[in-house]
Amino acid sequence: QVQLVESGGGLVQAGDSLRLSCAATGRTFSSYAMGWFRQAPGKEREFVASVSRFGSATIYADSVKGRFTISRDNAKSTVYLQMNSLKPEDTAVYYCAAKSGVRSSRGNEYEYWGQGTQVTVSS
């Protein structure tokens, strides 16, 4: 079992930056690839970014590529999402998730999910 707790969300203006954190407890953190997903009101959950078990490989949704950076610190059992140049369309609840094996953009491959943190970007 892995427990995930997100933090760092908030209300910001367009163009601002935020860093989300997701702290994991339970089984060995480095056993899992990690991902960030988001869900805006009235929309389906969508993939944001994923990082491999030791941080050497990442993938991003086209909508955030060049603005967001996913990273992890296995010593702290934490994954981060640095979000720069935020836009109103980035407004959503952001979730981190963990999966065994390789990184993936497919939400249904992830075994464990956090409760989410709200990010609101005003124009």
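Between Gly66, Gly55, Gly107, the Gaussian network model of the chain with springs among Cα atoms under 10 angstrom shows the greatest mean-square fluctuation at Gly66.
Using per-residue counts of other Cβ atoms within 10 Å, averaged over each peptide, order 80-87, 93-100, 36-43 from highest down.
Per-residue Cβ counts within 10 Å, averaged per peptide and sorted highest first, yield 93-100, 80-87, 36-43.
The Cα center of region 64-81 and the Cα center of region 8-23 differ in position by 13 Å. Between Val51, Val79, Val64, which gets the highest mean-square fluctuation from a Gaussian network model of the chain, Cα cutoff 10 Å? The residue that fluctuates most here is Val64.
In straight-distance terms, cross-link reach from Lys87 covers every one of the lysines whose alpha-carbon lies under 22 Å from its own, apart from those fewer than eight places away in the same chain; here that gives Lys43, Lys65. Calculated translational diffusion coefficient of region 61-123 (4 °C, 1.567 mPa s; Stokes-Einstein with Kirkwood radius over alpha-carbon pairs) equals 98 µm²/s.
Kindly provide the GluC sites (Glu not before Pro) of region 42-94 that DSSP labels as loop, not H, G, I, E or B, and whose Cβ sees at most 16 other Cβ atoms within 10 Å.
On the way: sites: Glu44, Glu46, Glu89; in loops: Glu44.
Here the GluC sites (Glu not before Pro) that fit, given the DSSP loop and packing criteria, are Glu44.
Under the rule a/c < 1.5 gives rounded, and otherwise a/b versus b/c splits prolate from oblate, where does region 1-50 land using the Cα gyration tensor? Taking the square roots of the gyration eigenvalues as a ≥ b ≥ c, region 1-50 is prolate.
Any read-out appearing in this document is the output of simple, stated calculations on the displayed coordinates, not a laboratory observation. Only a predicted model underlies this, so the values are computations on that prediction, with no experimental measurement involved. Please note: Cβ atoms are built from the backbone with ideal geometry, for glycine as well, and neighbour counts cover all protein chains shown.
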